[in-house]
1. Could you pull out the residue among Ile22, Ile8, Ile48 that is of a type in the set (Val, Ile, Thr) and under 20 Å from Pro81 (Cβ atoms)?
2. Output the residue which, of all residues in region 512-536 that are assigned to a loop (DSSP other than H, G, I, E, B) and at pLDDT below 85, is surrounded by the most Cβ atoms within 10 Å (Cβ to Cβ).
3. Output the residues belonging to region 124-148 that are part of a loop (DSSP other than H, G, I, E, B), within 56 Å of the chain's Cα centre (by Cα) and not polar (S, T, N, Q).
4. Which of the following residues is at pLDDT 80 or above, more than 30 Å from Asp228 (Cβ to Cβ) and surrounded by 12 or more Cβ atoms within 10 Å (Cβ to Cβ): Arg292, Arg278?
5. Look through Glu261, Glu172, Glu271, Glu188 and report the one residue that is of a type in the set (Asp, Glu) and under 30 Å from Ala637 (Cβ atoms).
6. So, Gly163, is that one in a loop (DSSP other than H, G, I, E, B), more than 34 Å from the chain's Cα centre (by Cα) and of a type outside the set (Asp, Glu) or not?
7. For Phe544, indicate whether it is in contact with a Ser or Thr (Cβ under 6 Å, 6 or more places away or on another chain), assigned to a loop (DSSP other than H, G, I, E, B) and of a type in the set (A, V, I, L, M, F, W, C).
8. Which residues, counting only those in region 623-671, are at pLDDT below 90, of a type in the set (D, E, K, R) and either under 17 Å from the mean Cα position of the chain (by Cα) or outside any strand (DSSP E or B) (or both)?
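The values are calculated or read from the model by the stated rules, or taken from the named source; none is laboratory data. Predicted model, so just to flag it, every value in this text is computed and none were measured. Because the Cβ atoms are built from the backbone with ideal geometry, glycine has one as well, and the counts that use them run over all protein chains shown.
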Amino acid sequence: DVCATCHIHATCQQSGGKSVCICNYGFVGNGRTHCQDKDECQIGASKICGNHTLCHNTHGSFYCVCLDGYRASNNNKTFIPNDGTNCTDIDECEESGLCGHNARCVNTEGSYTCYCNTGYKLETGERSFRQDGNKVSCKEIKCDSPPEMKHGYIVGNYSLLPGSAVHYECQEGFYSNEGKFSYCTANETWEPSTLSCKGVDCGIPPLVLNAHPTSVSGTTYRSEVTYDCVHGYLMAGGSRTAVCNAKGQWDGPDLVCKEEELLSNLSIFNETCVRWQRKTGRLGVQETYTFRILGQRLDEKMFSEDVIFNISTSEDNPKVCLDLNSGSNYVVNITTISSTNITVSVTVAIQTKGLPSDVLILVRQTLRNNCFWNPQKCFCSHVFFLKGINYDKLFCDNFIYFRRPEPLIFLLLQPSRPGQVNCVLDFLNSMLGFYNKLIPFLIVSTVKEAFNNVLIFNDTCLKWKRNVRGTDVEDRYSFHVQGQRWYQKTFFHEMTFELSTHKQAPEVCLDLQPGTNYSINISMVALNFSLLVSMTTQITDPPFPEVEFVAVKGSAPLLRLQKAEDRNGPISLYQVIVLPLDLQSTFICDSFAATTFFSNTTDVKGYVAAEFKAKDVAENMSIALGDRHYYGKFYNAPLKLGEDYCVFLRIISEWNKVRTQSCAVWAQIKS
């Protein structure tokens, strides 16, 4: 029986009517004596198992597995390809975080590769990696902190990544010729690595005419030079100090030195006294003045008096009263020697009132002999005589006179009371010879000065003294007021009014506009006497700034500046003030007057960011806060990130040595 002889790994099968022993699948042989294992894998795994596989032979069979990075399509670890199973690539990048932080995964056929993200690199310096047990990480590519700039500071924000730049600016009073940028390179270094600012040097201090420097603190920024006028000159105005500014130039001085004045503004008072101003700028220094006085009586053709004397004084406003005779002409010469050995001389003419003593005796006798009643020839007049004369004994009893600072005699057309005798003046024409020419000095016009001693008080008020009429007589005054402003050509203020008063020292207060030059004409209607008074009113606070309030968050706003009217005085300056928001409620308008960004301290956190002269301000002018430019002497610094600020606009008026200001909140900036 054939089938009984088949090998253990063979199967008996019928073929052509015969029994045949055939080795089983996986074995080869004659089926009877031997059936040995067939190594299916020897023909190659890719041929028997497919691509990306490994073939494993077993006794009488085999199985396939996928290579690393691949998986079987039947999702089993092993397979026999007779069921159509094949190996497909595994996308390892589907696993989140496979490559770690700051890296990206790239799938490859049967594997994957990790690369660092842009801006990062491997510490080993390699371009790619795989996480195969050793922890590999990507480090950010960046530079260290940027280099410091001596006497400089960093403007705005910056990055540490390659290709980024840091912008520097020099502090006020310093400059740089080396550039103002440093760049982060791919090698994680800053180029250039060192930057510095040099201090400005203003050089030799400026020359000032007729002055010399007395102290020099240096020639660098904020150094000061102080000047004094040379010997024989005095300071007439301006500043004595020059200051080295941030641009390397000297500001000032505008000192004006003029020759000292030993005899200026000479005037006569109380008829026989002289006063003058002595301007030397040297306190306590004695000056000697020589007086020569030549005197001539009114009836003489030659000088009959010649007196010389000296006085020494250290006063700035010396006064000297001279012992002069009445009824004479005098020429007074005053001479002194200046500190530069220059002779200074001034001459003044003085005419004393009244009559010489011998003429007074003649008048007394003539009056007694010629006073009689003749109404047709009498008229009213005032006669002024010298002080110190006993008029009670000099004149006849029927003259009417009153005692004032000088006795006043009335010669009336009609008797002032029944039975009174009036004197005619024909006797004056009978005065002998040369005394005829004295009549003009004896008979004086009705009004010498209707009023005088006009004083200004409380800026807009006037008071004066009436001279010729008592409180029983009411006087009427006419006022014509005109005001103009040099800084506002179209401005004109005019008013007229009248005032009637009995007072001996009247007062009036005027409704005047601020910052205005006024000319006030006061006329006494009854006596046809007028006097002109000049008055300047002080400026008041300028009008509050008209601003469009802005509230922003996260960015600096664009502000619009509107011009203010010269209403209460000339607008001189506009200032933009920046301070922390929590200081808004305590802000005082005249604070931070000259505080720059660089002079800012921990105690004073506000500063002036910009200043504009009024003449440079255009209508609706735009201002970009924090644009890093200088406006005037103030730096418009960038605002710090995360801080809250408020912004004020200040309008300043300066005139006639007075400074006023008004402020308004302009903006609030948060974060």
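1. Ile48
2. The qualifying residue surrounded by the most Cβ atoms within 10 Å (Cβ to Cβ) is Leu527.
3. Passing the criteria: Ile141, Lys142, Cys143, Asp144, Pro146, Pro147, Glu148.
4. Working: Arg278 fails: more than 30 Å from Asp228 (Cβ to Cβ).
That would be Arg292, the only listed residue that is at pLDDT 80 or above, more than 30 Å from Asp228 (Cβ to Cβ) and surrounded by 12 or more Cβ atoms within 10 Å (Cβ to Cβ).
5. Numbers: Glu261 fails: under 30 Å from Ala637 (Cβ atoms); Glu271 fails: under 30 Å from Ala637 (Cβ atoms); Glu188 fails: under 30 Å from Ala637 (Cβ atoms).
Testing whether each residue is of a type in the set (Asp, Glu) and under 30 Å from Ala637 (Cβ atoms) leaves just Glu172.
6. yes
7. The answer is yes for Phe544.
8. Asp627, Arg628, Lys633, Lys640, Glu643, Glu654, Lys657, Arg659
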